[in-house]
Amino acid sequence: MKKAKLILANYDARISKIDIKPKNKFTKVTLSSRMYNEKTDKKETAKIVFVDVAAIDFRINYFDSMIGAEAMGLYEIIDKNFIEQLVKKTFERRKELYLLEGNYNYNENDEYDMLNTFDLMNIFTEEKDSYHAYVQNVDAGVYIIVAKEIQIIR
């Protein structure tokens with residue numbers, strides 16, 4: 001089991017809006033969320049902003065299902081190998097899906113083929129120690145976002 005630390009105790013979190021602003025290594029993801037605050041015993045809203053996002057992994061069945069919502073919070077995974085593997089897995093998944101579309105003359109032996117080149121400009125590789133993995137179980141699924149920084153706005 002991977003080690004993790006609690007960042008935000010947001011019980012029964014629900015994502016009401018996802019805003020992704022792509023900008024290469026400066027990509028920003030904002031999740032608007034409704035959650036139960038155990039201290040006040042009330043539902044409240046919050047925005048969770050992920051800055052300089054390198055990878056996003058969503059595994060959601062239905063956004064309005066309650067299965068999995070009892071996760072107890074947003075966590076940071078404390079495992080640099082996990083982070084690197086997730087970023088690489090996201091790249092490989094992109095390649096797999098691109099090839100399923102079937103409209104690409106792929107050469108697995110060409111080291112310069114874009115589908116064979118992970119982190120072409122060394123953006124992630126040079127700065128990988130500054131990235132963090134944040135994970136949250138939500139209604140009917142889980143998301144993991146690899147980013148340099150997180151901001152929580154209530």
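Scanning the range 1-19 for residues that are surrounded by 13 or more Cβ atoms within 10 Å (Cβ to Cβ) and either within 21 Å of PHE58 (Cβ to Cβ) or modelled with pLDDT of 80 or more (or both) gives ALA4, ILE7, LEU8, ASN10, TYR11, ASP12, ALA13, ARG14, ILE15, ILE18. Filtered by the rule that a residue be free of Cβ contacts under 8 Å to residues at least 40 places away in the same chain, in contact with a helix residue (DSSP H, G or I) (Cβ under 7 Å, 6 or more places away or on another chain), part of a helix (DSSP H, G or I) and of a type in the set (A, V, I, L, M, F, W, C), the range 98-154 gives a lone residue, LEU115. Right, LYS128: in contact with a Ser or Thr (Cβ under 7 Å, 6 or more places away or on another chain) and either surrounded by 11 or more Cβ atoms within 10 Å (Cβ to Cβ) or more than 14 Å from ILE78 (Cα to Cα) (or both) or not? Judged against the criteria, LYS128 is not a match. No other residue among VAL87, VAL142, VAL138 is closer than 16 Å to ASN24 by Cβ, under 14 Å from the mean Cα position of the chain (by Cα) and either surrounded by 14 or more Cβ atoms within 10 Å (Cβ to Cβ) or not charged (D, E, K, R) (or both) apart from VAL87.
The values are calculated or read from the model by the stated rules, or taken from the named source; none is laboratory data. Being a predicted model, the structure only gives us computed values, none of them experimental. No Cβ is skipped: glycine too gets one built from the backbone with ideal geometry, and neighbour counts run over all protein chains shown.
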